[in-house]
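Colleague: Dropping the structure in here first, questions after.
The values are calculated or read from the model by the stated rules, or taken from the named source; none is laboratory data. Bear in mind the structure is a predicted one, so any value in this text is a computation, not a measurement. As a convention, Cβ positions derive from the backbone with ideal geometry for all residues, glycine included, and neighbour counts pool all protein chains shown. SASA here: full protein model, heavy atoms, side chains in, ligands and nucleic acids out. Shrake-Rupley method; radii C 1.70, N 1.55, O 1.52, S 1.80 Å.
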Amino acid sequence: MGTAPSERKTVIRIDSVQMRECQLPLVRFFETSFGRTYRRRIILVQVHSEGEVGYGECTASEEPFYNSETTDTAWHILEDFVIPRILGTTLESARETDPLLAPIRGNRMAKAALETALWDLEARRLGIPLSRHVGGTRDEIACGVSIGIQDSVEELLTLVRREVSAGYRRIKIKIKPGWVLEPLGALRREFPDISLMVDANSAFRLNDLELLQKLDDFRLLMIEQPLAHDDMVDHAVLQKQIETPICLDESIHHAEDARKAVEMGSCRIINVKLGRVGGFSEAIKINEYCSRNGIPIWCGGMLESGIGRAHNIAMSTLSGFTLPGDVSASHRYYLEDTVVPPVTVTPRGTIEVPKTPGIGYNLNWERIARATVRTHVANRYGAEKIADA
Ligand code: OSB
Ligand code: MG
């Protein structure tokens with residue numbers, strides 16, 4: 001089971017929280033079954049407590065297609081609900097963030113932006129790497145890549161060749177109706193033995209059973225979220241009729257979802273995304289449940305910039321994260337990242353886990369300043385003033 005999260009505690013008095021929206025162009029568009037993304041609108045969160053700082057990144061997308069959150073809804077929830085609940089409070093530890101935010105339903109990506117920042121802050125105060133603070137033990141993590149839908153099979157092959165020679169340990173391609181058998185056939189002809197998987201982002205229904213059964217011939221590691229985002233029942237029906245293991249992404253919001261999905265037979269593998277589950281506290285619970293029950297898990301990605309990527313690296317060091325995740329090098333998405341140096345991958349297809357306190361990467365302030373389009377600052381003095389008035 002690995003180690004439990006660090007029991008060491010500090011008292012965290014929340015003095016101020018700053019948010020900024022950064023707009024970062026992607027090196028190349030990223031296409032899923034719900035469309036193309038050309039640039040990210042990312043909210044960065046900074047929490048201050050008695051001279052210490054922690055950083056978080058909100059993983060919500062620009063549009064409510066992956067889940068119901070967007071950059072703008074997350075900004076609203078953070079500004080009007082999350083930050084006011086936290087500001088001026090004194091937490092026994094970062095683990096108390098979750099119960100404090102529990103009255104706010106859903107909006108897990110907004111909440112995770114602050115929750116993860118508090119774990120970073122606490123790790124820095126304790127002088128330990130974030131990976132160790134959350135209970136992780138690995139010194140390096142195994143990396144895979146997620147490759148979007150392309151205009152042609154030839155373009156897909158070019159990209160896969162590049163990532164395979166870079167050393168990535170698992171290739172995932174996005175699929176949708178009309179982009180399944182042809183790309184997979186071409187990939188398996190050229191790369192019969194690579195570790196290969198697909199992600200449908202909910203693009204199919206049980207009606208597509210015949211097509212989904214054909215996937216068994218491609219010896220895939222798994223098929224990620226083939227059916228509706230909110231449907232664990234049909235996933236259980238489907239899993240009985242296909243050999244390829246189903247991995248759930250969109251459907252799992254917390255540890256109780258993970259338990260129910262596993263008990264119903266809706267999946268055999270789980271993709272854990274820090275934002276989607278609301279932060280480290282919940283990710284740790286999922287890790288514990290899945291480790292106890294022999295369910296492999298891996299770290300998903302949301303096209304994060306360096307700060308979110310650093311949090312993903314820390315989470316991937318937990319014991320249950322036994323499969324390569326969607327945590328890859330910064331340069332695949334960003335020419336200039338929000339951290340320096342950017343996240344890099346070894347020729348072995350791994351990322352070395354930072355050993356310095358907190359997230360273990362420095363912020364690229366010059367880049368962040370140029371990308372910032374709006375900011376919001378709230379401090380406890382301001383909050384007290386409003387309360388007195
Ligand atoms: O379903 O895993 C997904 C990106 C945006 C929205 C959903 C997904 C993805 C990815 C990207 O697959 C993974 C990455 O960040 O490299
Ligand atoms: Mg997915």
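Colleague: So with the 1.4 Å probe, I'd like the accessible area per residue for the range 45-200, rounded to whole Å².
Modeller: Values: 5660 Å² over 156 residues.
Heavy-atom accessible area per residue stands at 36 Å².
Colleague: Compute the Cα gyration tensor for the range 236-389, then decide on rounded, prolate or oblate, letting a ≥ b ≥ c be the square roots of its eigenvalues: rounded whenever a/c is under 1.5, prolate when a/b is larger than b/c in the other cases, and oblate in all that remain.
Modeller: oblate
Colleague: I would also like to ask the following. Would you look at the GNM of the chain, springs on alpha carbons closer than 10 Å, and say which of 336, 92, 224 moves the most?
Modeller: Result for the chain, Cα springs under 10 Å: 92 fluctuates most.
Colleague: Report the one residue of 252, 101, 191 whose Cα lies farthest in the direction of the positive end of the charge dipole of the chain (charges on C-beta: Lys and Arg +1, Asp and Glu -1; origin at the Cα centre).
Modeller: Positive-most Cα among the choices belongs to 191.
Colleague: Next question. Holding the Cα-Cα limit at 20 Å, pick out from 174/214; 176/260; 111/273; 111/355; 172/355 the pairs that are longer than that.
Modeller: 176/260; 111/355; 172/355
Colleague: Sticking with this one: Starting at the first residue of the range 287-304, write each ³J(HN,Hα) from the Karplus equation 6.51 cos²θ - 1.76 cosθ + 1.60 with θ = phi - 60°, in whole Hz, x for Gly and Pro.
Modeller: Running phi through 6.51 cos²θ - 1.76 cosθ + 1.60 with θ = phi - 60° gives 4, 5, 4, 5, 4, 4, 10, x, 9, x, 10, 8, 8, x, x, 10, 6, 5 Hz.
Colleague: Can I ask one more? What part of the accessible area of the chain, given as a whole %, is carbon or sulfur when the probe is 1.4 angstrom?
Modeller: Heavy-atom surface of the chain belonging to carbon and sulfur, 1.4 Å probe: 51 percent.
Colleague: Can you work out the Karplus-derived ³J(HN,Hα) for every residue in the range 51-56? Use 6.51 cos²θ - 1.76 cosθ + 1.60 with θ = phi - 60°, whole Hz, and x for glycine or proline.
Modeller: Result, rounded to whole Hz: x, 9, 9, x, 10, x.
Colleague: Something else: In whole Hz, what ³J(HN,Hα) sequence does the range 146-158 give by Karplus (6.51, -1.76, 1.60; θ = phi - 60°), x for Gly and Pro?
Modeller: Using θ = phi - 60°, the values come out as 10, 10, x, 5, 10, 6, 8, 4, 4, 4, 4, 4, 4 Hz.
Colleague: Build a GNM of the chain with springs between Cα atoms under 10 Å: which of 194, 42, 313 gets the top mean-square fluctuation?
Modeller: In the Gaussian network model the winner is 194.
Colleague: As an exercise, use a Förster radius of 35 Å and the Cβ-Cβ distance of residue 209 and residue 293 to find the FRET efficiency, rounded to the nearest 0.05.
Modeller: Between residue 209 and residue 293 the formula returns 0.80.
Colleague: Using Cα atoms only, what is the angle between the long axis of helix 181-190 and the major principal axis of the chain, expressed in degrees (0 to 90) to the nearest 10?
Modeller: Roughly 80 degrees between the two axes.
Colleague: Sticking with this structure for a sec: Taking the chain as a Gaussian network, where each spring joins two C-alpha atoms under 10 Å apart, which residue of 316, 68, 152 fluctuates the most?
Modeller: Checking each option, the largest mean-square fluctuation is seen for 152.
Colleague: Could you name the aspartates and glutamates whose alpha carbon sits less than 13 Å from that of residue 285, not counting residues in the same chain fewer than 8 places away?
Modeller: Residue 285 reaches 98, 256, 257.
Colleague: Label the range 131-234 by shape, choosing from rounded, prolate and oblate, from the square roots a ≥ b ≥ c of the eigenvalues of the Cα gyration tensor; if a/c is under 1.5 it is rounded, and otherwise prolate applies when a/b is larger than b/c, oblate when it is not.
Modeller: oblate
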